[in-house]
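Notes follow the structure.
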């Protein structure tokens, strides 16, 4: 029983330390002027902070009908099935944040773009569902 509690406390401490380390990196420190230094997967709060920058492209890879039901204002629509045919439309000199409904398709597209040589591509965790749940504006 002692081992169980000791293990539980250890796990909680490790989780707390990991969360604290992540919070210690302030958005201002992550968002330099020259190039955004973001992890492969970003949260909706980060996307909300950077989406209107000139050096950022938010790419929605859902289908047209999904986009029409609600999308992040200013996002660029490029359905997943068309990405390989439209690579030349994705700027290599900008930070690209890919989004979809839940983060699954956008994760696949982000991986594909990295395989094609893009080194500035990030997946928005949770997609439009997380965006709406966080209370951010949605255009319809």
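The values are calculated or read from the model by the stated rules, or taken from the named source; none is laboratory data. Treat the numbers as computed from the prediction; the structure is a model and nothing was measured. Ideal geometry is used to build each Cβ from the backbone, glycine not excepted, and the neighbour counts take in all protein chains shown.
Numbers at a glance
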{"item": "Test result for residue 109, assigned by TED's automatic domain parsing to the domain that holds residue 39, under 18 Å from residue 38 (Cβ atoms), part of a strand (DSSP E or B) and within 17 Å of the chain's Cα centre (by Cα)", "result": "no"}
{"item": "All positions within the range 101-116 that are in contact with a strand residue (DSSP E or B) (Cβ under 7 Å, 6 or more places away or on another chain), on the phi < 0 side of the Ramachandran plot and buried (at least 18 other Cβ atoms within 10 Å of the Cβ)", "result": "106, 107, 109, 110, 113"}
{"item": "Pick from the range 124-139, criterion touching a strand residue (DSSP E or B) at 6+ places or on another chain (Cβ under 8 Å) and assigned to a loop (DSSP other than H, G, I, E, B), ranking: surrounded by the most Cβ atoms within 10 Å (Cβ to Cβ)", "result": "125"}
{"item": "Count of residues meeting criterion [out of contact with any helix residue (DSSP H, G or I) (no Cβ under 7 Å at 6 or more places or on another chain), closer than 21 Å to residue 49 by Cβ and outside any strand (DSSP E or B)] in the range 60-106", "result": "6"}
